[in-house]
Structure formats: C-alpha cells, structure tokens
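So the structure is just underneath, and the comments pick up after that.
The values are calculated or read from the model by the stated rules, or taken from the named source; none is laboratory data. The model shown is predicted, which means the values in this text are computed figures rather than measured ones. Note: ideal-geometry Cβ built from the backbone for every residue, glycine included; neighbour counts use all protein chains shown.
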Amino acid sequence: MSNLAVLTSGGDAPGMNAAVRAVVRKALSEGLEVFGVQRGYAGVIDGDFIKLNSSSVSDVIGQGGTFLRSARCDEFRTPAGRKKAAEKLRSKGIENLVVIGGDGSFTGAKLLSEETGINTIGVPATIDNDIACTHDSIGYDTALNTIIDAISKIRDTASSHERAFVIETMGRHAGFLALAAGLAGGAESILVPERKTDVDEVCQTIQKDYEEGKIHSIILVAEGVELEGQRFETNREMNESPAFALSKEISDRTEFEARVTILGHIQRGGAPTGRDRLLASRLGAAAVDRLLAGESNVMVGLVNSQVQASPIKDAIEQEKELDMDLYELSTILS
Ligand code: F6P
C-alpha cells in the first residue's frame, strides 16, 4: 500500500477537519501519499483530488465544517456511478479510501468496496449520533454543547416573560441530541421519536408546573418526533415541524404563552469541542491502521472507551438504541 484518499460526505459535523488531519498526518508518518477528495463522492466521480501534505492540515483541528467540503451525490447511488468513481480513483493509482460521514455515506463505502474492490474504511461523523458500533460519532458532543448553550439563553427570556419555549433540535429520526441536551440543559419536557408522545400528558404537566409556580417551561423536541400518531418530517422550506404544532397546543391548553425556536443548522457549526477533537484524532489515525492491516469495509468507532473496528454493514444495519434509563432520569429530574 502506497497511498490513500480521504473524503467527507453527507451533513458536515464539527470535528470532520480534525479527523482529516489525523488521517493525513498518520498516513504521512507511515510513508503513504495522501489525496483529499473535494465534495465527497461527487468529487470522486469528477476526479476532484488534491494532494495533501502536513501543512495542508495546519490549523484545521479547531475549525468547524470541512475544508474538503461535502455533498450528497445521487449519481454515486447507482452502480454505474460507483464504477466511474472506482475508475477515477484507479486512474490515480488509489486503491484505499477513508470515508468520514454518516450512515448514508457508509452505505456508499460498503457498496464501493463490494462492487469494485476499492478498500474503504468508515469514520463516523454526524451530529445525530445515530450510528451503531460506536458510542459517539464525531460532531455530536459539539452539537450537544451548542444546544445546551441555546437552552440557557432561551431560559433567560422565557423566565423574564413567563413563557413556555418549544426548542426543536436536529437528529433526523433519532432523539440522541434532544435527550442528552434536554437532560443536561434541565428542560422540563423532552420529546423524542423513540417514545410515543401524548400531547395531553405534556400539556397537563406544563399546566401543573405553572400552577406550582414555575415561571417558564422549556420543552425540547427532536425534529423526527411523532405527535399523537402524526409523524412529522421537518420541512424547513414550508415552515412545518412538530415544534410549531406542539407550541399551538401549549398556548391553547395551558396558561403559558408559547414560543418556538428551531435551532436548525446552527447545531452543525462551530469549533469542535475537546472531546470531538480527541475522538476525531483517534478514529482518523485508527482508519489508517485498519487499511495498513489490509482491512476493508469496516468502520472504526469507540466501544467501551476503546477504538474498535466493526463491519460497516453492522454500523449501517444495527439500530442504535436510545438509553431509556436516561429518558426516565430526565423525567425524574425535570
Ligand atoms: O444528518 C445531519 C442533519 O443535520 C440532520 O440532523 C438533519 O435532519 C439533516 O442533516 C439536515 O440536512 P440538510 O442540511 O440537507 O437540510
């Protein structure tokens, strides 16, 4: 093995740059040549490769976003697109690819490896933290802290005006961000897709809190939540989301006036936390180790605080379960 390529794909996550840096510097330390692919799989198909050296990744460890840029690529979802991608890699003499991204990106990595023989290693990076075979994904901790910071700020104005605030978090179909941020931020209620929500119950609790003298109510809602059988898909263009629906119910059924804050893409930005930088550094370096060991089609993750490689298939197919004990705890502590 003489070289590898690295790309970032799907929704960006704070710490992606730190992961690229780790891949680059670890690979260079092993005497490998390194190529960065710009704009994810779209860049592989277009042959958008840049040679990376140690100074290419200077000062990126603390930068949010991804300097390699990211994209979602429809062409790569087809066998023809993946064949073209493999040809482009091979035209540069590249047989090894590190994919930093979420489950959609890993499906692409798995198929590329199986169909074309390109060696692929996945590094989990998504704020949603919905990837199995790793306790945390890169970017999750930073997003969590961003949300906690937002809750503190919103609580100030909520208390001043004696209002209820429905705060919507990202997370796609998972409630990891909402649950952890709600618990750590001291929210009064937390709504997650993994647990059916009874709007009556939520409103009764908020009203009871009001009657007992609470001067605000913070309700964290994951964007993928289901309200009384109605599944919401946040539609950012149409301004549709479970948060607005719930806010209306709270205003109608309790004595609190309710407001909505959709945190949106602010959750994807910002300098990565120390935890995310460490995770990215460890996993990026481990990805290079796995390639050097002759492995492919695996994802590196953190299991019981140790770096561990798992079949990428398991990371995609296994469902990562929300910690319901944590959920119960949040209801006791709120
Ligand atoms: O997967 C990361 C994520 O930020 C989700 O939490 C969210 O649902 C989605 O991406 C938003 O995607 P886009 O940036 O394409 O609107």
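Scoring Ala184 on the criteria (1) in contact with a Leu (Cβ under 9 Å, 6 or more places away or on another chain); (2) modelled with pLDDT of 95 or more; (3) crowded, with 22+ Cβ neighbours inside 10 Å leaves a single failure, condition (3).
Taken over region 49-75, the residue count meeting the criterion of being surrounded by 14 or more Cβ atoms within 10 Å (Cβ to Cβ) and either without any contact (Cβ under 8 Å) to a residue 24 or more places away in the chain or within 16 Å of the ligand (Cβ to nearest atom) (or both) is 8. For Thr197, the conditions (1) modelled with pLDDT of 95 or more; (2) hydroxyl-bearing (Ser, Thr, Tyr); (3) in contact with a Pro (Cβ under 9 Å, 6 or more places away or on another chain) all hold with the exception of (1). In region 108-157, the qualifying residues are those that are closer than 30 Å to Ala80 by Cβ and among the charged types (D, E, K, R), and the one that is nearest to the ligand (Cβ to nearest atom) is Asp128. Looking across region 239-296 at every residue that is within 16 Å of the ligand (Cβ to nearest atom) and part of a helix (DSSP H, G or I), the one that is farthest from Thr205 (Cα to Cα) is identified as Asp276. Within region 80-89, not a single residue is touching a residue at least 60 places away in the same chain (Cβ under 8 Å), touching a Ser or Thr at 6+ places or on another chain (Cβ under 6 Å) and on the phi < 0 side of the Ramachandran plot.
Search region 5-39 for residues being farther than 26 Å from Thr142 by Cβ and assigned to a strand (DSSP E or B), and hand back the single one that is farthest from the ligand (Cβ to nearest atom). Checked region 5-39; the qualifying residue farthest from the ligand (Cβ to nearest atom) is Glu33.
Among the residues of region 164-195, those identified as within 16 Å of the ligand (Cβ to nearest atom) and assigned to a loop (DSSP other than H, G, I, E, B) are Met170, Gly171, Arg172, His173, Ala174, Gly175, Val192, Pro193, Glu194.
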